[in-house]
């Protein structure tokens, strides 16, 4: 009899755990570790890759073309999303992605997900990801383009996001309270549309959250939590964490070569044909000497230049 009672309790406990786990929308640390094996650097406590603040600062000077080229050569050719509406269009958005995925709501699934959140003291599914944001994050939300009765971000949530991150959002859906959002200094938003309505749980359901810090889709891009977001000129690129430093370094070397080439063209040292094609060994030697002579004056980290020069034989 005792054995039967034990087995029954074990069954109930295991079943309850399985159901609760199935209703959890936030990725576990184990899941994040398994999905980002190429990242060898620091991580947040929950397992999300934590690209350094220094890399994020360098990333602001990277062009979309430079980032795309490095990613394309590494096999990541579809990491660019275009055609966004913008708040603060002249700003550059750079940060670590914290991802959220919403789907069209159905009452039974919405209730199952919401019940787990309520047991943890959570209210309002649209704020669950926001509660996890930290400084330097970018809130990246797949709102499946939801428009009427779809907005989960207005000026209140926008202020909360900016307070936590000092940053902005990439939001594939409709925003509301655009005028209020524009009043938040430094809040840079890439979004799909505007609508004055809002999502209406639990009565008139339209959206429900199904994933936090899990892989998500933004337009034609697969975005991973911890990816570095680079948004400028109406385009957003999502750079895998393990490629972020390479993207920065490649961009900086290209920038130096452009500076040198333009200088020598203005001086009349070389012709456009010489600079606009593969450089000769003499030009490469001249370039190496130039960056070494001006290492303290150039707008590129000294460490990057020293690393670049280390493998050059002239």
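Read-outs: derived from the displayed coordinates by stated rules, not from any lab. Everything numeric in this text was worked out from a predicted model, so none of it was measured. Please note: Cβ atoms are built from the backbone with ideal geometry, for glycine as well, and neighbour counts cover all protein chains shown.
Legend: calculated FRET efficiency, residue 183 to residue 292, from the Cβ-Cβ distance at R0 = 41 Å, rounded to 0.05, equals 0.25. Only Cα sites of the range 61-196 enter the Debye sum here, all with the same form factor; the resulting log10 I(q)/I(0) across q = 0.08, 0.10, 0.12, 0.15 1/Å is -0.23, -0.36, -0.52, -0.79, listed in q order.
When only C-alpha pairs under 8 Å and at least 6 residues apart count, what is the relative contact order of the range 245-310, in percent? It would help to have the intermediate numbers written out before the result.
Numbers: 25 pairs, mean separation 24.6, N = 66.
Value for the range 245-310: 37 percent.
The packing ranking, built from the mean of other Cβ atoms within 10 Å per residue, places the peptides 140-150, 270-280, 176-186 in the order 140-150, 176-186, 270-280, highest first.
DSSP assigns beta bridges within the chain; of those with both partners inside it, close to 60 percent run antiparallel. Rounded if a/c is under 1.5, else prolate if a/b beats b/c, else oblate: with a ≥ b ≥ c from the C-alpha gyration tensor eigenvalues square-rooted, which is the range 225-267? It is oblate, given that a/c is not under 1.5 and a/b is not larger than b/c.
Classify the range 245-310 as rounded, prolate or oblate, taking a ≥ b ≥ c as the square roots of the eigenvalues of its Cα gyration tensor: rounded when a/c is under 1.5, otherwise prolate if a/b is larger than b/c and oblate if not.
Working: a/c = 1.88, a/b = 1.65, b/c = 1.14.
Prolate shape, in that a/c is at least 1.5 and a/b is the bigger ratio.
With the highest mean first, a sort of the peptides 188-194, 299-305 on other beta-carbon atoms found within 10 angstrom per residue produces 188-194, 299-305.
Compared with the dominant principal axis of the Cα atoms in the chain, helix 2-23 is inclined by about 50°.
May I ask you to order 87-97, 218-228 by the average number of other C-beta atoms within 10 Å around their residues, highest value first?
On the way: 87-97: 19.7, 218-228: 21.8.
Per-residue mean Cβ counts within 10 Å order the peptides as 218-228, 87-97.
Which of these, 155, 131, 172, has the largest mean-square fluctuation under a Gaussian network model of the chain (Cα springs below 10 Å)? Among 155, 131, 172, the largest GNM mean-square fluctuation belongs to 131. Once both labels are positioned 7 Å from their Cα atoms along Cα-to-Cβ, the gap between residue 78 and residue 106 label points is 2.6 nm.
Helix 107-119 axis versus longest C-alpha principal axis of the chain: approximately 80°, rounded to the nearest ten.
Can you compute the label reach from residue 24? Point 7 Å from Cα along the Cβ direction, backbone N cut-off under 18 Å, restricted to the range 91-106. Those under the cut-off are 99-101.
Using every pair of distinct Cα positions in the chain, the Kirkwood expression returns a hydrodynamic radius of 21.9 angstrom.
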